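The values are calculated or read from the model by the stated rules, or taken from the named source; none is laboratory data. Since this is a predicted model, take the numbers as computed values, not measurements. Every residue, glycine as well, gets a Cβ built from its backbone with ideal geometry; the counts of neighbours run over all protein chains shown. These area figures cover heavy atoms from the full protein model, side chains too; ligands, DNA and RNA do not enter into them. Shrake-Rupley method; radii C 1.70, N 1.55, O 1.52, S 1.80 Å.
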Amino acid sequence: MTAPLPLAGFRILSAEQYGAGPYGTMFLAQMGAEVIKIEPPGVGDTARAVGPHYLREGESLYFQSFNLNKRSLTLDLNKPEGQAILARLAASSHAMVNNLRGDLPDRMGLTYAKMGQANPAIVCAHLSAYGRDNERRRWPGYDYLMQAEAGWMAMTGEPDAPPTRAGLSLVDFITGTIMTIGLLGALVDAQRTGKGRDVDVDLLSAAVHQMSYPALWYLNEGDVTGRVPRSAHPSVTPSQMFRAADGWLFVMAQLPKFWTVLIERIGHPELAADPRFATPADRLAHRDALTDVLDGIFGTQPVGYWMDLLASHMPVSPVYGLDQALDSAWLRETGMIDSVSHPDRDEMQVLANPIRFDGERLPNRAAPLLGADTDAVLAEAGYAASEVAALRADGIV
């Protein structure tokens, strides 16, 4: 980018692992913050070992997905010497992030009560499975469990199928994003007042919050939103998948005007006069019949034909497989596929950040090798080379 990144000059420490926390802090790193990833000496973030694809032993492509633009510091936070180093780093940092089990931040000195002693302006963000202040604080937890308990799985899939999880770890990703929003809000206040604070978010709360309008429908009207065939919208139709001659098409006539556009462009304006489909309420009441009618029409031509006919006139999309989605020329045209240099792969393909500043995508660099920045970070904190060597010999770094 030609202009300075908005978080340039901010330092974020993060005792993070796996997906949710690292996903959130990667946004901070891509927006220019110096994100120092604190990892256990010798083993590092468990995500480094997640297969099946590796750049080298202990360096997985999975890890690259969540750790672009960061620095890696190996540090044993369970030892007093490690805590002393953390306190020195905290004095010159703006935030401390962790996504540990809910009972661990207090025990490991990662809360504002402890870190604020070194830096009253530091923001301490905590991402856990169930929170830090309740009887579940010691429970381990993962994304799939949250999808199950929050009701996502019961709302996903075909009506006659078992409850189905989302294909990606969306609870992890949204919780990491929410954590980052909370951290940035507290950071703005700390810049004004000189006083930091704790920021908490948990996976289950974030998953429940994403229930949004179905939650309010149930809480206020007792309406339990169920599963609908073809991944259809629960209350609007046609807004679902339809079978074309060579694949699937997702058509969304969310507004009455798009129903008119649809039937006219597919060459069946007579459907407007069918009493079963006259109004949005009529179409919803006769959803199955309408699906049969439109399947019969869409099944006569391939997906590409219908896309050419409908795209830009109403909301419509092909239903792609992973390979088709990522091979799309549109992603290259819009810059969503980027390449970075890694010691094991000169042109490693990565995803660009969806945020743009001044019309430009954010710059990327490969995730760090384990401990790649340990010597530099400690030198910047005032440690002599001999002190670093002694710390390494003692297994502190």
**Q.** Search result, residues across the stretch 193-228 that are within 27 Å of Asn98 (Cα to Cα) and either hydrophobic (A, V, I, L, M, F, W, C) or at pLDDT below 95 (or both)
**A.** Val199, Val201, Leu203, Leu204, Ala206, Ala207, Val208, Met211
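Let's see how each residue does on (1) touching a helix residue (DSSP H, G or I) at 6+ places or on another chain (Cβ under 6 Å); (2) among the basic types (Lys, Arg):
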position: Ala129; (1), (2): yes, no
position: Arg136; (1), (2): no, yes
position: Arg165; (1), (2): yes, yes
position: Gly176; (1), (2): yes, no
position: Thr180; (1), (2): yes, no
position: Gly185; (1), (2): no, no
position: Asp189; (1), (2): no, no
Q: Hey, can you tell me all the residues within the stretch 347-378 that are in contact (Cβ under 8 Å) with a residue 12 or more places away in the chain and among the charged types (D, E, K, R)?
A: Asp358, Glu360, Arg361, Arg365, Asp373, Asp375
Q: Scan Asp346, Asp327, Asp323 and give me the residue that is modelled with pLDDT under 95 and either surrounded by fewer than 11 Cβ atoms within 10 Å (Cβ to Cβ) or closer than 23 Å to Leu249 by Cα (or both).
A: Asp346
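Could you please give the count of residues in the stretch 363-397 that are touching a His at 6+ places or on another chain (Cβ under 7 Å) and more than 20 Å from Glu59 (Cα to Cα)? Lay out the reasoning, then the answer.
Applying the first criterion (touching a His at 6+ places or on another chain (Cβ under 7 Å)) to the stretch 363-397 yields 366.
When the remaining residues are screened for being more than 20 Å from Glu59 (Cα to Cα), the result is none.
Final tally of qualifying residues: 0.
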Q) What are the residue pairs meeting all of these: first residue in the stretch 258-281, first residue within 13 Å of Phe298 (Cβ to Cβ), second residue open to solvent by 40 Å² or more (accessible area, probe 1.4 Å) and among the acidic types (Asp, Glu), Cβ atoms under 9 Å, and 6 or more apart or on different chains? A) Ile263/Glu270
Q. Touching a residue at least 60 places away in the same chain (Cβ under 8 Å), within 14 Å of Val377 (Cβ to Cβ) and aliphatic (A, V, I, L, M): does that describe Ile12?
A. yes
Q: Kindly list the number of the only condition in (1) part of a loop (DSSP other than H, G, I, E, B); (2) more than 27 Å from Glu360 (Cβ to Cβ); (3) open to solvent by 60 Å² or more (accessible area, probe 1.4 Å) that fails for Pro41.
A: (3)
**Q.** Any hit, the stretch 46-64, residues being under 16 Å from Asn98 (Cβ atoms) and part of a loop (DSSP other than H, G, I, E, B)
**A.** no
Q: Check the stretch 90-107 and report whether any residue there is more than 24 Å from the chain's Cα centre (by Cα), not in a loop (DSSP other than H, G, I, E, B) and not charged (D, E, K, R).
A: yes
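Those residues that are within 23 Å of Leu184 (Cα to Cα) and surrounded by 22 or more Cβ atoms within 10 Å (Cβ to Cβ), I need them from the stretch 44-70; list them, please.
Those that are within 23 Å of Leu184 (Cα to Cα) and surrounded by 22 or more Cβ atoms within 10 Å (Cβ to Cβ): Phe66, Asn67, Leu68, Asn69, Lys70.
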Q. Counting only residues that are out of contact with any helix residue (DSSP H, G or I) (no Cβ under 6 Å at 6 or more places or on another chain), assigned to a helix (DSSP H, G or I), open to solvent by 30 Å² or more (accessible area, probe 1.4 Å) and within 17 Å of Ala245 (Cβ to Cβ), how many does the stretch 256-310 have?
A. 8
